[in-house]
Amino acid sequence: MSDTNKQNWGNYWQGRAGNSSGENPGDGFGEALVGVGIEHNEKLGAFWTASFAGLDSGAKILDMACGAGSVLRHAHNSGFTELSGVDISDAAIKAVQAEFAAAKGIKGVKGIVAPVDKTGLAGGAYDMVVSQYGFEYAGSRRQVLAAATEMARLLNPNGQFTALCHIKGGGIEQEVHGHLNDIKTLAQSNFIPAAKAVFSAAFAAESTPSPKTKKAYEDAVSGLTAPREKITGWIGLGQNGSSEIHKLGQHLYSGTIDLFNRRKAYSLADIIGWLDGMQGEIDAYKGRMHSMQQAALSAKDANNILAVFSRSGFEVEAPQKFYLTDDNKPAAWILKTR
Ligand SMILES: C[S@@+](CC[C@H](N)C(=O)[O-])C[C@H]1O[C@@H](n2cnc3c(N)ncnc32)[C@H](O)[C@@H]1O
């Protein structure tokens, strides 16, 4: 697991902490999972409710790579209160804790900021370990198997493991592919470097007026024409969609125009800093899309993960496909012990 992965997810969860009301179990959830929208939360909820059936009411449940805690909310809705979540992102753990603290009468969730393959938690302490599009983000296949070993270690010998994992060739992977193409188009528009050149030349022409600075400004403006056409054309194509990358693109474009009109209120460094920040957000989004792609498991990967649990003495079920839509594209692998 690279530091970049940690930063990319930190960037995602930053600012989302405390944003959800605690009343809408879908909040903050759809975007993290790209293609899996809030509208499917009911099906996911039904899956988890069925998975929790039969557990003792005092069961200790651990959610690996819990994010803002959507599986923990389903567990809570099923009456469980001994809830813990592990996530690499400090901001995600703050989000889940804030959400549970905000909802009246809910005992706090124990949040642990750690990588899934090395949690530092006591072995055998959990009656159920769950994960939803989670532990497969551990990094390389070796780290994903290390995460499986870690989960088997954390389970008590009579405990149960259930996970929904990204699946190779599934609907989410296809959607991620589309988002990566969008990011490519955005990067190839060259809008950010061209906008930076315009701002730099405008500030120079305004602070030191001369034919030379005027000409440099005019050149920079004409250098922005093609990038501007590319980015507005691309934003136009996404009018009906509301993907995060299109929203980012729109924000980048309208923010740049706005900054240009009000540039006298800012320093050049502030404006360049804002554009660099936008570039950072785009890079982080791209990083998350790549990690989603990398996380998608083949049938062989799924079997290898279950084999780890078998070797630790757990009885496992054959991997099954989980569907959220009627389009024959599976949304996940169901990996579980009996
Ligand atoms: C797609 S989100 C899913 C979050 C949550 N399980 C859900 O269903 O909403 C993936 C989560 O994995 C976390 N993550 C990524 N790499 C991780 C790692 N190596 N160890 C622990 N968590 C990780 C991210 O911070 C993010 O919260």
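Residues checked against (1) polar (S, T, N, Q); (2) farther than 30 Å from Ala138 by Cβ; (3) not assigned by TED's automatic domain parsing to the domain that holds Val144:
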{"position": "Thr162", "(1), (2), (3)": "yes, no, no"}
{"position": "His166", "(1), (2), (3)": "no, no, no"}
{"position": "Asp182", "(1), (2), (3)": "no, no, yes"}
{"position": "Ala187", "(1), (2), (3)": "no, no, yes"}
{"position": "Asn190", "(1), (2), (3)": "yes, yes, yes"}
{"position": "Pro193", "(1), (2), (3)": "no, yes, yes"}
{"position": "Lys196", "(1), (2), (3)": "no, yes, yes"}
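Would segment 69-89 turn up any residue that is within 15 Å of the ligand (Cβ to nearest atom), β-branched (Val, Ile, Thr), crowded, with 19+ Cβ neighbours inside 10 Å and assigned to a loop (DSSP other than H, G, I, E, B)?
Yes: segment 69-89 contains one or more residues that are within 15 Å of the ligand (Cβ to nearest atom), β-branched (Val, Ile, Thr), crowded, with 19+ Cβ neighbours inside 10 Å and assigned to a loop (DSSP other than H, G, I, E, B).
Which is out of contact with any helix residue (DSSP H, G or I) (no Cβ under 7 Å at 6 or more places or on another chain) and free of Cβ contacts under 8 Å to residues at least 60 places away in the same chain, of Ala122, Ala98, Ala102, Ala68?
That would be Ala122, the only listed residue that is out of contact with any helix residue (DSSP H, G or I) (no Cβ under 7 Å at 6 or more places or on another chain) and free of Cβ contacts under 8 Å to residues at least 60 places away in the same chain.
Can you tell me how many residues within segment 124-151 are in a helix (DSSP H, G or I) and either within 12 Å of the ligand (Cβ to nearest atom) or surrounded by fewer than 22 Cβ atoms within 10 Å (Cβ to Cβ) (or both)?
So the count comes out to 14.
For segment 161-183, indicate whether the set of residues that are aliphatic (A, V, I, L, M), free of Cβ contacts under 8 Å to residues at least 40 places away in the same chain, assigned to a helix (DSSP H, G or I) and closer than 26 Å to Gly280 by Cα is non-empty.
Among the residues of segment 161-183, not one is aliphatic (A, V, I, L, M), free of Cβ contacts under 8 Å to residues at least 40 places away in the same chain, assigned to a helix (DSSP H, G or I) and closer than 26 Å to Gly280 by Cα, which makes the answer no.
The values are calculated or read from the model by the stated rules, or taken from the named source; none is laboratory data. Predicted model only: the values in this text are computed from it and were never measured. Every residue, glycine among them, receives a Cβ derived from its backbone with ideal geometry; neighbour counts consider all protein chains shown.
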